[in-house]
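Notes follow once the structure below has been shown.
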Amino acid sequence: MTKRQTQKNEKIMERWANHGKIDIGRVFVLADMARNGEYPDGTFSDDECNIWSEILNVVESYEGA
């Protein structure tokens with residue numbers, strides 16, 4: 001892993017450090033939804049919606065590259 005990626009990882013971890021625990025399966029669901037252009041509904045928490053948004057940004061940045 002590059003030093004740049006290590007620094008990026010640290011910033012991400014700091015940003016999400018105080019957002020409680022979210023099941024990894026739920027994160028994979030959010031990633032799949034973002035990849036397929038699906039939006040979270042009322043069954044997702046605010047933190048889960050924020051994670052979805054972050055994943056969507058990553059997906060869009062790779063698609064635009």
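Of all the residues in segment 1-18, those that are farther than 17 Å from VAL58 by Cα and either among the polar types (S, T, N, Q) or open to solvent by less than 60 Å² (accessible area, probe 1.4 Å) (or both) number 2. Within segment 51-64, the set of residues being within 8 Å of the chain's Cα centre (by Cα) and of a type in the set (Gly, Ala, Ser) comprises just one member, SER53. Annotation: of all residues in segment 15-45 being aliphatic (A, V, I, L, M) and modelled with pLDDT under 90, the one that is farthest from the chain's Cα centre (by Cα) is ALA17. For segment 27-47, the criterion of being open to solvent by 100 Å² or more (accessible area, probe 1.4 Å), basic (Lys, Arg) and touching a residue at least 24 places away in the same chain (Cβ under 8 Å) is met by at least one residue. Residues in segment 48-58 that are open to solvent by less than 50 Å² (accessible area, probe 1.4 Å) and either at pLDDT below 90 or among the β-branched types (Val, Ile, Thr) (or both): ILE51, ILE55.
Being of a type in the set (S, T, N, Q) and surrounded by 13 or more Cβ atoms within 10 Å (Cβ to Cβ) is the requirement here; does SER61 meet it?
no
Answer yes or no as to whether GLU48 is on the phi < 0 side of the Ramachandran plot, acidic (Asp, Glu) and under 14 Å from the mean Cα position of the chain (by Cα). Judged against the criteria, GLU48 is a match.
The values are calculated or read from the model by the stated rules, or taken from the named source; none is laboratory data. Nothing here was measured: the structure is a model prediction, and the numbers come from that model. Cβ atoms come from the backbone with ideal geometry, glycine included; neighbour counts cover every protein chain shown. Accessible surface areas use protein heavy atoms only, side chains included; no ligands, DNA or RNA. Shrake-Rupley method; radii C 1.70, N 1.55, O 1.52, S 1.80 Å.
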